[in-house]
Amino acid sequence: MLCAAAASALEIEPGIGAGVEFTDNARLSSSGEADELIAVGYVGAKISEHTGPLSTDATASLSHLRYTRDSYPDRRDFNLGATAGWEMVKNRFDWLLQDYYTQQPVNVADSVTPDNIQDTNIFTFGANINIPVSGLHTITLLPEYRNFYYEGQTTDNQQYSLSASWNYQMYRLTSVGLSASLRTIDYDEPGIANVDFSSIYFVFSGRRTRSEFSTNIGVTRVTRDNRPSTEAFAGSLDWLLDLTSRSSLRTYLSTDLTDSGSGALYAFIDPGTGNPVFVQVGSDVIRNKVLTIGYKRRDGALNSSLTGELRELIYSESPNDSRIRSLNGAFNYPLTALLSSGLSARYVRLEETETGRTDNEYSVGANLGYSLSRKLRAVFDVNFNNKESTDATQRYNEFSAFFSLVYGYGSVGRPGRGGGF
């Protein structure tokens, strides 16, 4: 005569908001500067579910941008970041699902105006299979399917991969192993040659009282239709150090032969591995060398972050070889229980080694945020951008001011403009 329903851990947090931005250079141009007033409408949601074998984390937003002085046509931007997993057999067999939908620049070196933005979607479906050989030895298989979509380009592709790894728990906090993978890229456009990647790595990882590290050392082989194969060194080092109980330092170093889509995907999953928009979308095989160093501190008085990145990109066909240096800093300070303030700064230098083009971009901003209630927030920020370039058409100065009001989840982002990074 008694019954009880199972408790659900599903959480849904919706959000709605609006914003308005004034800019004195809507086209980010060195000549013909035009004032513009951009109205932004926003709806968004955050969904999470962690009940038993099912887990889901997703954030989504839809923004409508209206250019009141007709600098550009009105547009809608949709963004989605979703991951889901189903533990079909506990600690043995998991199904995995990921989807990332966002806007990326068409040409990474040019300023990001609506003329230089494309929708991008990366969908992944796969399984994680764990086979414990003994208490110290584990074999893992990871078959995956990925679909890459780029609006208005001919580089859409399907990717099929299989990874296998062996892990040995050498000590309680230290493990070694081997990892091998095969990946095929099948381009939708018949005129683009398909590519096969095969890699093998030695893996060494561990944890200490205040640090974690993981290193991979191996070889990647690339085979492309009607072209000679290429084989080269590949490896990475990821080291996280807790400086204090409230601050940490992370260093990531990597070099590999890859494609533009996979480089962006890893950065979406883990932003600490670099900025995804630095890689030019295309069908090239890319030698991607990257070093990132990130510092974070969070305490009751001041939240701060500082990230530096060095990257060198060598493309197999396109004349887009480049060296990139970037530095980003952000500081947030609560003035009162309801009022907060923040400062941000960014510097990016891009050198195209084949064309001789060099760009230097600077950006500084400040903001004030006020909590009108537990869920209602208002934000006002100002921003100044400057870009110097050997390409005269890409030089500009811009001042902008933005005000937004949001109820519930998320925030109203500035219109998809600004420097090329």
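By the beta-carbon count within 10 Å of each Cβ, the least crowded to most crowded order of Phe402, Phe384, fewest first, is Phe384, Phe402.
Given the choices [x] 21.3, 67; [y] 23.2, 81; [z] 21.5, 72, Rg and Dmax of the Cα atoms in Å derived from the coordinates of this structure is entry [y]. Full extension of the chain segment joining Trp166 with Glu49 gains 39.0 nm, where the gain is 0.36 nm per residue of separation less the Cα-Cα distance. Here segment 344-421 and segment 100-159 have alpha carbon centers that stand 26 Å from each other. In the chain, Cα pairs under 8 Å separated by at least six residues give a relative contact order of 13 percent.
A Förster radius of 22 Å, combined with the Cβ-Cβ distance separating Arg374 from Glu11, puts the computed FRET efficiency at roughly 0.85.
Exposed loop sites were defined as GluC sites (Glu not before Pro) in DSSP loop states (anything but H, G, I, E or B) carrying at most 14 other C-beta atoms within 10 Å; in the chain the longest segment without such a site runs 152-316.
Residues of segment 89-128 falling in the label zone of Asp391, defined by backbone nitrogen less than 19 Å from a point 7 Å along Cα to beta-carbon, are 104-119. Is any residue of segment 314-333 close enough, with backbone N under 13 Å, to a label point placed 7 angstrom from the Cα of Arg246 along the Cα-Cβ axis, and if so, which? Of the residues in segment 314-333, 332-333 have backbone N under 13 Å from the label point off Arg246.
Taking trypsin sites (Lys or Arg not before Pro) as exposed when DSSP calls them loop and at most 14 other C-beta atoms lie within 10 angstrom, the chain has its longest site-free stretch at 247-373.
Between the beta carbons of Asn130 and Tyr407, assuming R0 = 25 Å, the FRET efficiency works out to 0.05 to the nearest 0.05.
Put the Cα centre of segment 240-310 next to the Cα centre of segment 66-87 and the gap is 24 Å. The modelled label-to-label distance between Arg66 and Gln153, using points 7 Å beyond Cα along the C-beta direction, is 3.2 nm.
In the elastic network of the chain, a GNM with C-alpha springs shorter than 10 Å, the most mobile of Asp115, Asp359, Asp256 is Asp115.
Using 0.36 nm per residue and subtracting the Cα-Cα separation, the extra length available between Gln118 and Tyr347 on full extension is 80.1 nm. Using just its DSSP H runs of length 4 or more, each adding -39500 (n - 2.57), the chain gives a mean residue ellipticity at 222 nm of -500 deg cm²/dmol after division by all residues. Here Lys46 is the anchor, and the lysines within straight C-alpha reach of less than 22 Å, apart from those fewer than 8 places off in the same chain, are Lys375.
Computed from label points 7 Å out along Cα-Cβ, the spacing between Leu306 and Thr184 is 4.9 nm. Multiplying the residue separation of Trp239 and Tyr333 by 0.36 nm and removing their Cα-Cα distance gives an extension gain of 31.0 nm.
Throughout, read-outs are computed from the coordinates displayed, never taken from laboratory work. These numbers come from a predicted model, not from an experiment. When we count neighbours, we look across all protein chains shown, and the Cβ atoms used for this are built from the backbone with ideal geometry, even at glycine.
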